[in-house]
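Notes for the one structure printed next.
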Amino acid sequence: MKICIINTFYHPYMVGGAEEYVKKITNYLRNSGEEIVIITSQPYKEFTSLTYSMTVEEDIKIYRFYPLNLYSPLNAPKKSLFLKPIWHTVDLFNFHSYFIIKEILKEENPDVVHTHNLSGISAGASFSAIKNLNLPLVHTCHDYSILCPYSNLLCPLWKGSLCKRPKFPCKVYQRIKRNIFHTPDIVTAPSEFVLDMHTKNSFFENSKKIRLPLGIELNDSDFNVDSTFNVNNKKKNKKDNVNILYVGRLEKHKGIHVLINAFKQINNNNIKLHIIGGGPYEKDLKELAKSDNRITFYGKLPNEEVQKFYRESDISVVSSIWCDNSPVVIYEAFRQGTPVIGSNIGGIPELIKDDYNGFLFEAGNVEQLKEILEGIIENPERLKELSKNAFKSVKQYDMNTHIDRLLEIYKEAIKMNKKYRQNDQ
């Protein structure tokens, strides 16, 4: 099967979780014998960047071009609020992207196209090019970029509050998106919450919707919990330190300030908070935590060191105040037998079962988070069962199983597309 994957960024331009996911499934699909073609953007270097170039890397064809707009999507965070509305307007349907993508698709003629994050390469242009060529289309929603120009349902103009009722500009944005989007055959997302949010806003009404949780790489030994998982590396009594872990970007919507405020209110010298990651909120968070020497910031660390922290920590915390889709840090913590305390928001409660493999608390509720942490500190014996259950939970997310399901979805999209085309004749 020839599969074309379209994402605004691709290795080495890794911006977030979508890029990590795309790179991972690309490698797995190639190793399973599928033919993979990538269409992605590149930074502007010279005039020739506007035309596409093709390279072959590890038996994968990669087409890159610069989508003609005010600036590269890589530079978007640094641009002024004045320029961004113009950039988004062009990106709604970028005619340059449309002709480039359509030309590549005509040349490659893939069996199925799988689109991901398209902000910057133009969702409207990508969808139109695919459907005008009558190609089967699977789209994965990694965030809310179709619903929200900020992709996170938070509005920075209103102090970063959760957007429950979209303001007028956002309603216009959504209406335009609905008008320019063609219907994918199948839409997937790692959480039901994300699929439901798009359905409530009248997107993808005629598409089949499938929840497809993220995949994580497991060793064969990981499937035998009793023989491979040792709960003794977790806390056993009150004399031991309780190691609490946060891994992720240091941004306000991640809610790290909620975790720090809850932690600081706990009067216990046998607890440590380890914060791994970098981002624009780092300076503010360090200022918030500076009076507490039990809190340590490590910055960004290599993956090997991050995995060591997961193994050696007693509990990990995902304190998001935005509707997080399906945080990969929860999968990674479970893989190391580390239970997770998570905000009861977005797709997080679809992964965390309260008092089984972790705990849930109301997003932004410092007092409730503090009480959960204190309960663990006072009753450390609970960690043994939580840890074992966390390890059990991750087996269903094995990457090989994920790829098998993804291939089934591709085949289903091809059949659906063929049926539609026959009905139209």
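Pairs linking a residue in region 52-74 that is without any contact (Cβ under 8 Å) to a residue 12 or more places away in the chain to a residue that is not hydrophobic (A, V, I, L, M, F, W, C), with Cβ atoms under 7 Å and 6 or more positions apart or on different chains, are Met54/Lys61; Met54/Tyr63. Among residues of region 14-32 that are over 16 Å from Glu332 (Cβ atoms), those with a Cβ under 6 angstrom from a residue that is assigned to a helix (DSSP H, G or I) and not small (Gly, Ala, Ser), sequence gap 6+ or separate chain, pair up as Tyr28/Ile403.
Return a yes/no flag: does region 68-78 have any residue that is charged (D, E, K, R), farther than 25 Å from Leu29 by Cβ and out of contact with any Ser or Thr (no Cβ under 8 Å at 6 or more places or on another chain). Looking through region 68-78, at least one residue is charged (D, E, K, R), farther than 25 Å from Leu29 by Cβ and out of contact with any Ser or Thr (no Cβ under 8 Å at 6 or more places or on another chain).
Would you be able to say whether some residue in region 27-47 is in contact with a Cys (Cβ under 9 Å, 6 or more places away or on another chain) and more than 15 Å from Phe9 (Cα to Cα)?
Restricting attention to region 27-47, the residues satisfying the condition of being in contact with a Cys (Cβ under 9 Å, 6 or more places away or on another chain) are 36-39.
If we keep only those that are more than 15 Å from Phe9 (Cα to Cα) as well, we get 36.
Scanning region 27-47 turns up at least one residue that is in contact with a Cys (Cβ under 9 Å, 6 or more places away or on another chain) and more than 15 Å from Phe9 (Cα to Cα).
Taking region 350-367 as the range and being surrounded by 16 or more Cβ atoms within 10 Å (Cβ to Cβ) and part of a strand (DSSP E or B) as the test, the residues that pass are Gly358, Phe359, Leu360, Phe361. Just one of the numbered conditions (1) surrounded by 13 or more Cβ atoms within 10 Å (Cβ to Cβ); (2) modelled with pLDDT of 95 or more; (3) not charged (D, E, K, R) is not true of Met14: (2). List the number of the failed condition for Ser393; all other conditions in (1) crowded, with 20+ Cβ neighbours inside 10 Å; (2) among the polar types (S, T, N, Q); (3) in contact with a strand residue (DSSP E or B) (Cβ under 8 Å, 6 or more places away or on another chain) hold. Result: Ser393 fails condition (3) only. Of Lys102, Lys106, Lys131, all but one fail to be in a helix (DSSP H, G or I), basic (Lys, Arg), surrounded by fewer than 24 Cβ atoms within 10 Å (Cβ to Cβ) and touching a residue at least 40 places away in the same chain (Cβ under 8 Å); the exception is Lys131. Residues in region 17-53 that are at pLDDT 90 or above and small (Gly, Ala, Ser) were compared, and the one that is nearest to Pro73 (Cα to Cα) is Ser41. Filtering region 248-265 to residues that are modelled with pLDDT of 95 or more and part of a helix (DSSP H, G or I) leaves Ile256, His257, Val258, Leu259, Ile260, Asn261, Ala262, Phe263, Lys264.
Do you know which of the residues in region 396-423 that are of a type in the set (S, T, N, Q) and surrounded by fewer than 16 Cβ atoms within 10 Å (Cβ to Cβ) is nearest to Gly358 (Cα to Cα)?
We begin by selecting, within region 396-423, every residue of a type in the set (S, T, N, Q); these are 396, 400-401, 417, 422-423.
In the following step, the residues that additionally are surrounded by fewer than 16 Cβ atoms within 10 Å (Cβ to Cβ) were identified as 396, 400-401, 422-423.
Details: Gln396: 17, Asn400: 25, Thr401: 24, Gln422: 50, Asn423: 49 Å.
Of everything passing the filter in region 396-423, Gln396 is nearest to Gly358 (Cα to Cα).
Just one of the numbered conditions (1) assigned to a loop (DSSP other than H, G, I, E, B); (2) under 30 Å from Ile321 (Cβ atoms); (3) out of contact with any helix residue (DSSP H, G or I) (no Cβ under 8 Å at 6 or more places or on another chain); (4) at pLDDT 75 or above is not true of Val172; which one? The number of the failed condition is (1). Candidates are the residues of region 278-305 that are among the hydroxyl-bearing types (Ser, Thr, Tyr) and surrounded by 10 or more Cβ atoms within 10 Å (Cβ to Cβ); the one that is farthest from Val247 (Cα to Cα) is Tyr281. Kindly indicate whether any position in region 34-46 is in a strand (DSSP E or B) and of a type in the set (D, E, K, R). Yes, some residue in region 34-46 is in a strand (DSSP E or B) and of a type in the set (D, E, K, R).
Can you name the residue in region 312-349 that is of a type in the set (Ser, Thr, Tyr) and in a loop (DSSP other than H, G, I, E, B) and, of all such residues, is farthest from Gly17 (Cα to Cα)? Among them, the one singled out is Ser313. Suppose the filter is crowded, with 22+ Cβ neighbours inside 10 Å, out of contact with any Phe, Trp or Tyr (no Cβ under 6 Å at 6 or more places or on another chain) and in contact (Cβ under 8 Å) with a residue 60 or more places away in the chain; does Ala333 pass it? Taking the combined requirement at face value, the residue does not satisfy it. Lys384 passes every criterion in (1) at pLDDT below 95; (2) out of contact with any Lys or Arg (no Cβ under 8 Å at 6 or more places or on another chain) apart from (2). Quick check on Lys300: is it out of contact with any Asp or Glu (no Cβ under 6 Å at 6 or more places or on another chain), in the same structural domain as Ala333 (by TED's automatic domain parsing), at pLDDT below 95 and basic (Lys, Arg)? So Lys300 fits the description; yes.
Tyr310 satisfies every condition listed in (1) surrounded by 19 or more Cβ atoms within 10 Å (Cβ to Cβ); (2) out of contact with any strand residue (DSSP E or B) (no Cβ under 8 Å at 6 or more places or on another chain); (3) of a type in the set (Phe, Trp, Tyr) except (2). Here the condition is being touching a Phe, Trp or Tyr at 6+ places or on another chain (Cβ under 6 Å) and more than 15 Å from Leu214 (Cα to Cα); of Ile315, Ile372, Ile403, it holds for Ile372 alone.
The values are calculated or read from the model by the stated rules, or taken from the named source; none is laboratory data. On a predicted model such as this, the values are computed, not experimentally measured, just so you know. As a convention, Cβ positions derive from the backbone with ideal geometry for all residues, glycine included, and neighbour counts pool all protein chains shown.
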